[in-house]
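Report on the following structure.
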Amino acid sequence: MRLLISSLFYGSLFENLQRHADKVSECTRLFKEALACHIGEECKEFDFLTEEVAKLESEADAIKRNIRGHVPRGILMPMDKFQFFEYLREQDKVLDEVEEALFWLSFRPRGIPGELADEIQGLVNAVIPPIEKLPQLVSLAREFFRSGSDEVRTKMKSVIRDIRQHEREADHLERELKYNIFSRIQESLSVFHLIRLVEIIGHIADHAENASDRMRAMIAR
């Protein structure tokens, strides 16, 4: 028997999705601090900040499992259920990539040459805005699927466009940074470490854009 239980859907499912988005966004401050700490040799808190990001990832993972485990069979959802879970997956991947970037940094305690420090910090700054847009996007989605408001849908599309623009800017910086790494760094292991680091950081914005694309598909008419 298929059940339409909107009170459960709106009261629990999107509430948990909002909590998950907030955890993902919360990691941005820690990510910026951890990278600045790694670059600044006097900082002693990198390991602590990395552990704090890992805790956030674990908490977000628990919320994700709760969402996946509490959708009753047969529930009628106002969007494609597959697209909803794909959105959740991409949003969750953002935090996974932040954690991976910090772990990758930890493999080489002095792995960022001074001449590239500002550019890598700039790339991190570029991938943060699309992450910070995700809680707003989820909040608007919660309202849209409750009310069906065209005004809210228009706001959502604007946020999605912003996320795409931020991702394009981050992608441009990533390409430039890779070119500079090959141009300026001679030692092969350093080149490998830095290129991989830049790719992981770039993936953060990629997953934020992927999440916004899934949301765009959910509100398509």
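The values are calculated or read from the model by the stated rules, or taken from the named source; none is laboratory data. Owing to the predicted nature of the structure, the values given are computational and were not obtained by experimental measurement. Glycine also receives a Cβ, built like all others from the backbone with ideal geometry; neighbour counts cover every protein chain displayed.
Pairing residues of the range 63-84 that are closer than 20 Å to Arg19 by Cβ and basic (Lys, Arg) with residues that are at pLDDT 80 or above and part of a loop (DSSP other than H, G, I, E, B), at Cβ distances under 9 Å and at least 6 apart in sequence or on separate chains, gives no pairs at all.
Remark: pairs (first residue in the range 98-118, over 13 Å from Leu35 (Cβ atoms); second residue part of a loop (DSSP other than H, G, I, E, B) and modelled with pLDDT of 85 or more; Cβ separation under 8 Å; 6+ apart in sequence or on different chains) = Pro113/Ile185.
Yes/no matrix, rows are residues, columns are (1) surrounded by 15 or more Cβ atoms within 10 Å (Cβ to Cβ); (2) of a type in the set (Phe, Trp, Tyr); (3) more than 15 Å from the chain's Cα centre (by Cα):
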position	(1), (2), (3)
Pro135	yes, no, no
Val138	yes, no, no
Phe145	yes, yes, yes
Val152	yes, no, yes
Ser158	no, no, yes
Asp162	yes, no, no
Ala170	yes, no, no
Leu173	yes, no, yes
Lys178	yes, no, yes
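Of all the residues in the range 185-204, those that are farther than 15 Å from Ser106 by Cβ, touching a residue at least 12 places away in the same chain (Cβ under 8 Å) and of a type in the set (A, V, I, L, M, F, W, C) number 4. Among residues of the range 151-166 that are farther than 23 Å from His203 by Cα and in contact (Cβ under 8 Å) with a residue 12 or more places away in the chain, those with a beta-carbon under 6 Å from a residue that is assigned to a helix (DSSP H, G or I) and not β-branched (Val, Ile, Thr) at least six positions away or on a different chain give the pairs Val152/Leu140; Val152/Glu143; Val152/Phe144; Arg153/Phe144; Lys155/Leu140. Report yes if some residue within the range 123-131 is surrounded by 16 or more Cβ atoms within 10 Å (Cβ to Cβ), without any contact (Cβ under 8 Å) to a residue 12 or more places away in the chain, out of contact with any Pro (no Cβ under 6 Å at 6 or more places or on another chain) and assigned to a helix (DSSP H, G or I); otherwise report no. No: zero hits. Taken over the range 162-200, the criterion of being among the small types (Gly, Ala, Ser) and modelled with pLDDT of 95 or more is satisfied by Ala170 alone. Only one of these conditions is not met by Ser58: (1) outside any helix (DSSP H, G or I); (2) loosely packed, with under 14 Cβ neighbours inside 10 Å. Which number is it? That leaves (1) as the condition not met.
The set of residues in the range 44-98 that are touching a Cys at 6+ places or on another chain (Cβ under 8 Å), modelled with pLDDT of 90 or more and not β-branched (Val, Ile, Thr) comprises Leu49, Leu56, Glu57, Leu95.
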